[in-house]
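The structure appears below as structure tokens.
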Amino acid sequence: MNVLVVEDEKKTAALIRKALEAEGMTVELLHRGDEVVPRATAASFDAIVLDIMLPGHEGLTALRLLRANGIATPVLLLSARGEVDERVNGLDAGADDYLPKPFVLAELIARLRALVRRTAGRAPAKMNVADLTLDTLTRVAHRGGASIPLTPREFRLLEFLMRAPGRVRSRAEILENVWDYTFDPGTNIVDVCVKRLREKIDTDGGAKLLHNVRGEGFVMKAEP
Ligand code: CA
């Protein structure tokens, strides 16, 4: 596991490095916020530990720039402030987890491991089926040069179907992955959402991409 640690307090940074290396992780240290994007673009990391108060760019600015540059590496934010709004701002800016200072090193290690496990199967930032593109960072779809705004539910549905093009997904699978339902609510919410999504992405002229497979479910694919 290869971790980029961005922390300007040299003593704290050294302690984190020592603790992570003792766990068999490879660690690279940076002390400034404006070094994050160039480094994360040049090399590939499994996770980034990012302090909020940094010289150069603040941590949240660095985080927004990372995401704007299409770098989806999981980020764990560290903050001395500990206020709820910082946590919310961090998660809005694209952080995957948040740890207030002071923290116990064992907790940092546990959180990092959980973060990498959780995001290991994460899809790449951009997915394609034919001329339809879905950007999972900005959560906007594009087709034929036009951007297609999606509701959060439509985004989750489209992402789920695009993750495995050509694979038929049953209504039960969709309910579980898009609505977090492990039971059948006995309504047609899946069909209604599919219909709305299809009206947005399968517009006039282009090939039909979202197909209904009778008695089985739904599939995204280019050919009929
Ligand atoms: Ca700091």
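The values are calculated or read from the model by the stated rules, or taken from the named source; none is laboratory data. What you are looking at is a predicted structure, and each value in this text was computed from that prediction instead of being measured. Quick reminder, even Gly has a Cβ in these numbers, built from the backbone with ideal geometry, and neighbours come from all protein chains shown. Calculation scope for accessible area: heavy atoms of the full protein, side chains included, ligands and nucleic acids excluded. Shrake-Rupley method; radii C 1.70, N 1.55, O 1.52, S 1.80 Å.
Straight-line cross-link reach from residue 10 at under 14 Å between alpha-carbon atoms covers these aspartates and glutamates, not counting any fewer than eight positions away in the same chain: 28, 51. Expressed in Å, the radius of gyration and Dmax of the Cα atoms of region 2-119 are 12.6, 34.
Annotation: per residue accessible area for the chain equals 52 Å², rounded to a whole number [probe 1.4 Å, protein chains only]. Surface listing: 103, 218 arranged by accessible area from highest to lowest gives 103, 218, probe 1.4 Å. For residue 195, the lysines whose Cα falls under 27 Å of its own Cα, not counting residues fewer than eight places away in the same chain, are 126, 208, 221.
For region 126-220, the normalised intensity computed at q = 0.20 Å⁻¹ comes to -0.96 (log10 of I(q)/I(0), Debye sum over alpha carbons, equal scatterers, no solvent).
For the options 105, 132, 76, a Gaussian network treatment of the chain with springs between C-alpha atoms closer than 10 Å singles out 105 as fluctuating the most. Of the residues 52, 105, 38, the one whose Cα sits farthest toward the positive end of the charge dipole of region 2-119, with +1 on the Cβ of Lys and Arg and -1 on the Cβ of Asp and Glu, is 105.
When you restrict to C-alpha pairs under 8 Å that are six or more residues apart and normalise by the size of the chain, the relative contact order lands at 12 percent.
Solvent-accessible area of residue 196, all protein chains in place: 110 Å² (probe radius 1.4 Å, heavy atoms, ligands and nucleic acids excluded). Semi-axes of the equivalent ellipsoid of the chain are 39, 19, 15 Å, computed as sqrt(5λ) over the eigenvalues of the C-alpha gyration tensor in descending order.
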